[in-house]
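What follows is one structure encoded as structure tokens, with my remarks underneath.
The values are calculated or read from the model by the stated rules, or taken from the named source; none is laboratory data. In this text the structure is predicted, and so the values were computed from the model without any measurement. Positions of Cβ are backbone-derived with ideal geometry, glycine not excepted, and every protein chain shown enters the neighbour counts. With ligands, DNA and RNA removed, areas are computed over all heavy atoms of the protein, side chains included. Shrake-Rupley method; radii C 1.70, N 1.55, O 1.52, S 1.80 Å.
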Amino acid sequence: DMTRTVALGEPTGEMQKVYQTVLEAQLAGIAVTKAGVPGKSIDAAARTTGRTGADITLVAATKMNDAARVREAVAAGIDACGENRVQEMTEKLAQGAYTGAPLHFIGHLQTNKVRQVVGKVDLIQSVDSPELLAMIEKRAAGQGIVQDILLEVNIGGEAAKSGVAPAALPELLET
């Protein structure tokens, strides 16, 4: 197989509070670092779950920031950059914006955009259908690479949310 699936557990307890704090800080335009967020330390929260801050990857959503601003974030030590717009990602790649940090595709990936993403990002976080998985697999095989992915599962069953239904997950894993 030319894709590698990485499973993540649901954040609970203290980590869920940290994620919420990070989200609130980002929405308020406050810079977030692994050293801490307003009133919280990612390392301290991780320790409550038996992990350390080194086990946590803080992905900065870099959409709507120009290449120079992304380079500043990378230079400041952000763990990874995340983009959800293929055209914007492609433009910033050409400008070397992500040099020095892994790049994740964090949004819903349309099947017609697979060729622009596979092999250009370190991780695709949003694979939600057998068709998309098959296209990624085919593209990765054509490039002779392994493309890391995360499967998106809609555990809430919300129609407005992306993700494969939990009942369909075993079939997707067999794809």
Select from the range 46-77 the residues that are surrounded by fewer than 16 Cβ atoms within 10 Å (Cβ to Cβ) and part of a helix (DSSP H, G or I) and list them in ascending order.
ARG47, ALA54, ASP55, ALA68, ARG69, GLU72, ALA75
Does GLY82 satisfy the criteria of being over 30 Å from THR111 (Cβ atoms) and either in contact with a strand residue (DSSP E or B) (Cβ under 7 Å, 6 or more places away or on another chain) or in a loop (DSSP other than H, G, I, E, B) (or both)?
no
Kindly list, by first and then second residue, each pair from a residue in the range 61-74 that is more than 8 Å from TYR98 (Cα to Cα) to a residue that is among the hydroxyl-bearing types (Ser, Thr, Tyr) and assigned to a loop (DSSP other than H, G, I, E, B), limited to pairs with Cβ atoms under 7 Å and residues at least 6 apart or on different chains.
ALA73/THR62
If I filter the range 108-126 down to residues being in contact (Cβ under 8 Å) with a residue 40 or more places away in the chain and of a type outside the set (Asp, Glu), which single residue comes out as least open to solvent (accessible area, probe 1.4 Å)?
LEU123
Quick check on the range 75-97. Is at least one of its residues at positive phi, at pLDDT 95 or above and touching a helix residue (DSSP H, G or I) at 6+ places or on another chain (Cβ under 6 Å)?
no
In the range 86-94, is there at least one residue being charged (D, E, K, R), closer than 19 Å to THR62 by Cβ and surrounded by fewer than 19 Cβ atoms within 10 Å (Cβ to Cβ)?
yes
Residues being open to solvent by 40 Å² or more (accessible area, probe 1.4 Å) and assigned to a strand (DSSP E or B): count how many of those fall in the range 134-168.
1
Within the range 104-139, track down each residue that is farther than 25 Å from LYS63 by Cα and among the hydrophobic types (A, V, I, L, M, F, W, C).
ALA134
